[in-house]
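Worksheet for the structure shown next.
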Amino acid sequence: MNTTTKYAATALAAALGVTVLAGCGSDDGSAGSGASKGSGSKTVTLVSHDSFNVSKDVLEAFTKETGYTVKTLKSGDAGAALNQEILTKGSPRGDVFFGVDNTLLSRALDNGLFTPYEAKGLDRVAKDTQQDEKHRVTPVDTGDICVNYDKKYFADKKLAPPKTFADLLKPAYKNLLVTENAASSSPGLGFLLGTVAAEGEDGYEAYWKKLKANGVKVVDGWEQAYNEEFSGSAGGKKAKADRPLVVSYASSPPVEVLYADPQPKEAPTGVATGTCFRQTEYAGLLTGAKNEAGGKALLDFLISKTFQEDMPLTMFVNPVVEDAELPELFTKHGEKVDTPPTVAPEKISANREQWIQSWQSLVLK
C-alpha cells in the first residue's frame with residue numbers, strides 16, 4: 001500500500017471537506033428521473049460519511065447521462081454525519097444523504113430526514129435489504145462488521161487468532177483488541193449489536209464487563225482504530241501500532257492487497273468470521289433538498305449496475321443489486337460471511353439508545 005492517506009481516501013476514511021467529483025454536465029442534459037420539482041441547478045450535492053468513494057469515470061458517466069455534476073460533502077463517521085443532518089433537518093446541507101445504515105436507520109426516519117422516492121431499478125435490489133415500505137431510503141450496499149487480525153503478529157507469537165466473540169475474552173488476547181466508540185461510530189455500534197445478537201439482551205452487559213477486563217481499547221472512529229492503532233494495516237505499521245485485533249469489515253483484507261506494491265499473494269490481515277454483524281447502508285432524498293430532481297437522478301444511479309460494480313474496489317462493500325458482478329481480487333481476499341448474527345430493525349429502534357447508554361457506563365467509565 002502506498003500511504004495511509006491513499007488507503008483512507010479509498011477505504012472508508014477520506015479527509016473532511018467538500019469535493020466536486022465530476023465535471024460540469026451540459027446545460028441541456030436531462031435529469032435521469034424526470035422529476036419536475038427542483039431549483040434547476042445542474043449540481044447535485046451528496047452528503048455522506050467519509051467512506052463515500054467512486055471512480056472518476058463512473059461519476060463522469062453519470063454527468064454525461066443526466067447533465068448533473070455531483071458534489072460531495074463528507075462529514076466524519078456515519079453517526080456524526082447523521083447527527084449533523086438531524087441538526088439541520090428541513091434546511092439540509094445537500095440533496096441526498098448516503099451512509100445511514102440499519103443500526104441508525106430508525107433515528108433518521110423518526111426525525112423525518114427523507115422525502116419518499118422509489119428509485120428506478122429497485123426491483124433488482126435484494127428484497128432483504130429493503131426495510132422501508134415508504135421508500136424514504138434506498139438500499140445501496142452491505143458489509144459485515146467483523147474483527148480483523150494481523151496475521152504476522154499471530155504467526156510470530158505462534159498463537160491462533162480468535163474466531164468468535166467468546167474467544168475475545170480469553171487471557172491469550174488480553175490488551176490486543178481495539179474497537180470504535182459505539183455512541184459515535186457505525187462499526188463500533190455494529191460490533192455492540194453483534195454482541196447483543198450473540199450473547200442476548202440479558203448477556204451482552206456481562207460480556208462487555210469481561211471484555212473491558214481483558215483490555216479492550218476504545219477510540220472515537222474507524223479511521224483511528226484501523227489506520228493508527230491496528231498493527232496489521234499499512235497505516236498502522238507506519239504508526240507503529242501495537243493492537244493486532246481491530247473491529248473493521250470482512251472486506252478490509254482486499255484493500256491491503258490492492259494498494260500494496262508489489263501486491264502480495266495473500267492478504268496480511270484475516271477476519272474472525274464468528275464476530276460479524278451485517279450492515280446495510282442506505283441513501284435518501286433529503287427533505288427540503290434544493291435540487292430534488294437531481295437528487296432523484298442520483299438515487300437512481302446509486303443502484304445502477306455501473307455504480308454497484310464499482311463499489312467493491314472503491315468502498316470495499318458488497319452490491320445490493322442481484323446481477324452485479326464482483327471483481328476477483330475482492331472475492332479472493334475478502335471473507336464471505338453467510339449467516340452473520342443480526343438484530344431485527346424494530347428491536348434496534350426500540351433498544352438502541354438504552355444499549356448505547358449501558359455500553360457507555362460499562363466501558364467508558
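The values are calculated or read from the model by the stated rules, or taken from the named source; none is laboratory data. Bear in mind that the values here come from a model prediction, so they are computed numbers and not experimental data. Backbone-built Cβ (ideal geometry, glycine too); neighbour counts: all protein chains shown. For the accessible areas, the whole protein counts, side chains as well, though only heavy atoms, and no ligand, DNA or RNA atoms are used. Shrake-Rupley method; radii C 1.70, N 1.55, O 1.52, S 1.80 Å.
Brief remarks on what is shown
- Rounded to two decimals, the Cα radius of gyration of segment 64-130 over 2.2 N^0.38 Å is 1.25.
- Cα-based equivalent ellipsoid, segment 150-272: semi-axes from gyration tensor eigenvalues, Å: 25, 16, 13
- Degrees between helix 345-363 axis and first principal axis of the chain (Cα, 0 to 90, nearest 10): 50 degrees
- Carbon plus sulfur fraction of accessible area for segment 255-365, probe 1.4 Å, in percent: 47 percent
- Taking Lys and Arg as +1 and Asp and Glu as -1, the other residues whose beta-carbon sits under 12 Å from that of D338 total 0.
- The chain - charge dipole about Cα centre, Lys and Arg +1 at Cβ, Asp and Glu -1, debye rounded to 20: 1040 debye
- A Förster radius of 25 Å combined with the Cβ-Cβ distance from K127 to S55 puts the calculated FRET efficiency at roughly 0.35.
- In terms of distances greater than 23 angstrom between alpha carbons, the cross-link table entries K163/K336; K74/K290; K305/K336; K158/K336; K134/K296 yield K158/K336.
- According to the Kirkwood relation over distinct C-alpha pairs, the hydrodynamic radius of segment 169-241 is 12.8 Å.
- Report note on the peptides 210-221, 182-193, 72-83: ranked by the mean count of other C-beta atoms within 10 Å, highest first, their order is 182-193, 72-83, 210-221.
- Based on protein heavy atoms only, segment 259-365 ends up with 44 Å² per residue of surface accessible to a 1.4 Å probe.
- FRET efficiency estimate (nearest 0.05) - Cβ-Cβ, A155 to S358, R0 30 angstrom: 0.20
- Cα convex hull, the chain: 124 Å³ per residue, rounded to a whole number.
- A Cβ-based charge dipole, computed about the Cα centre of segment 256-300 with Lys and Arg at +1 and Asp and Glu at -1, lands at about 180 debye.
- Summed over qualifying helices (DSSP H, 4 residues or more, each -39500 (n - 2.57)) and divided by its residue number, the chain shows a 222 nm mean residue ellipticity of -9000 deg cm²/dmol.
- Student exercise, segment 43-159 dipole from Lys, Arg, Asp, Glu Cβ charges, in Debye to nearest 20: 260 debye
- Carbon plus sulfur fraction of accessible area for segment 109-183, probe 1.4 Å, in percent: 51 percent
- Loop sites here are GluC sites (Glu not before Pro) outside DSSP states H, G, I, E and B with no more than 16 other Cβ atoms within 10 Å. The longest part of the chain free of them is 1-117.
- Of D123, D242, D167, the one that fluctuates the most in a GNM where the chain has Cα springs shorter than 10 Å: D123
- Average Cα contact separation per residue, segment 159-299, under 8 Å, 6 or more apart, as relative contact order %: 26 percent
- Spin-label pair K64-L87: with each label point 7 Å from Cα along the Cα-Cβ axis, the two points sit 4.0 nm from one another.
- Computed over segment 240-365, the convex hull of the alpha-carbon atoms projects to a mean area of 12.1 nm².
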